[in-house]
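This report refers to the structure that appears directly beneath it.
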Amino acid sequence: MSSSSTVKDAENLRRSRILSSKLYFDAPLSKVPLIYSESYDISFLGVEKLHPFDSSKWGRICRFLISIGILHKNSIIEPLEASKDDLLVVHSESYLNSLKNSSRVAMIIEVPPVALFPNCLVQQKVLFPFRKQVGGTILAAKLARERGWAINVGGGFHHCSGENGGGFCAYADISLCIHFAFVRLDISRVMIVDLDAHQGNGHEMDFASDSRVYILDMYNPGIYPFDYEARRYIDQKVEVQSGTLTEEYLEKLDEALEVAGRRFDPELIVYNAGTDILDGDPLGRLKISPEGIALRDEKVFRFAREKNIPIVMLTSGGYMKSSARVIADSIVNLSKKCLIDTGKGSKAT
């Protein structure tokens, strides 16, 4: 069999899996395109506390939004869990099989004691929550296309590619979201705006030679993952050094978005909105204020709104307890500025 036939067969199989997936479903208009499940939060006999990531962040974001009246509990959309066939759209069978080894999962999520647990427990307590978040990211593209925006209160596992996980990222939800959008939404141009403090090496490897995807990645080059090969595939690289302050950061972002808007005309934006750029974050090592986070998110949503481009937001990294409140406050700001409509404030225009 020729290599071209093999590639065509693989693409046909991918398309078939996408078309048969149940992850896209219709949500009533009474629901807000904000996606979350209680299954997102990871509680694993206290072992989760051995990693600096706040694995209860996602639930606390929603509780903040509900407590201040910007969101009603019944208006949240709960996604389905990504199935094996869904994951095979991007991931290889061999990679998914490797996750049946607890030691492999422990390496990916950077919590060594997880290697000692039976894999059935690891699947239930760690990988199931991740698969639910993957379902949320994939669904978010459909909702964004219908409503103009969608926020998955989770996801953004940008260190995972089809063949490799790492950095607390076991599944490539960004790559999966985009491939589903190509097929199910008939979209042919997607822009990834990755503003997590870390380089998004996973999606960069997955879309290395795909001209349909434009990657704007603004990151601290002096921290993990040091993936110099993946950096070659960034369309627009903006490096911010450790200790960068809010004003300088936002100026660079303005310039970056202006350049991106001239270079590429996307039909969908996937925004990886990590909060590990916060001042005091032990892994991001930048000095961006909470107000700076809100302004950053506002700038990206305004960029999308002015160009009438649907936008998906993912919450990605953030290694301080304060991250949840900062994300919630930013969502409130987006609502107040009429860049999103949560049903509790001004209508988006």
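The numbers here are math on the coordinates, done by the rules we state, and not lab data. Computed from a predicted structure; not experimentally measured. Cβ placement follows ideal geometry from the backbone for every residue including glycine, while neighbour counts extend to all protein chains displayed.
Taking 4.7 Å between C-beta atoms as the pairing limit, the chain has these partnerless cysteines: 62, 120, 177, 338.
Is the shape of region 61-220 rounded, prolate or oblate, going by the alpha carbon gyration tensor and its root eigenvalues a ≥ b ≥ c, with a/c under 1.5 for rounded and a/b larger than b/c for prolate? Judged from the Cα gyration tensor, region 61-220 comes out oblate (a/c at least 1.5, b/c at or above a/b).
Taking every DSSP helix (H) stretch of at least 4 residues in the chain, weighting each as -39,500 (n - 2.57) and dividing the sum by the residue count yields a mean residue ellipticity at 222 nm of -12500 deg cm²/dmol. Remark: spin-label model distance residue 93-residue 307 equals 4.0 nm, labels positioned 7 Å along the Cα→Cβ axis. Ordering 97-106, 79-88 by mean Cβ neighbour count within 10 Å, with the highest value first, yields 79-88, 97-106. What shape does region 226-346 take by its C-alpha gyration tensor, where a ≥ b ≥ c are the square roots of the eigenvalues and a/c under 1.5 counts as rounded, a/b above b/c as prolate, and the rest as oblate? Because a/c hits 1.5 or more and a/b fails to exceed b/c, region 226-346 counts as oblate. Near residue 287: Cβ cut-off under 15 Å, other residues only, Lys/Arg at +1 and Asp/Glu at -1. The net charge is -4. The three principal axes of the C-alpha atoms in region 141-230 carry coordinate ranges of 39, 29, 22 Å, sorted with the longest axis first.
Over all other residues within a Cβ to Cβ distance under 9 Å of residue 195, the charged ones net out to -3, with Lys and Arg as +1 and Asp and Glu as -1. Relative contact order of region 22-336: 19 percent, from C-alpha pairs under 8 Å at least 6 residues apart in sequence.
Which value results for Rg/Rh of region 280-349 when Rg is the Cα radius of gyration and Rh the Kirkwood radius based on the inverse mean 1/r? In region 280-349, Rg relative to Rh is 1.00.
Sorted on the mean count of surrounding Cβ atoms within 10 Å across their residues, most packed first, peptides 134-145, 231-242 read 134-145, 231-242.
Within the shell defined by Cβ-Cβ distances under 13 Å, the residues around residue 36 carry a net charge of +3, with Lys and Arg each +1 and Asp and Glu each -1. The residue 336 and residue 224 beta-carbon pair, evaluated with R₀ = 45 Å, returns a calculated FRET efficiency of approximately 0.85. Treating only the Cα positions of region 1-134 as identical point scatterers, give the base-10 log of I(q)/I(0) from the Debye formula at each q in 0.12, 0.15, 0.21 Å⁻¹. Rounded to two decimals, the profile gives -0.64, -0.89, -1.21. Only Cα sites of the chain enter the Debye sum here, all with the same form factor; the resulting log10 I(q)/I(0) across q = 0.07, 0.09, 0.11, 0.12 1/Å is -0.26, -0.43, -0.66, -0.80, listed in q order. Of the peptides 209-221, 156-168, 112-124, the ranking by mean beta-carbon count within 10 Å, highest at the top, reads 156-168, 209-221, 112-124.
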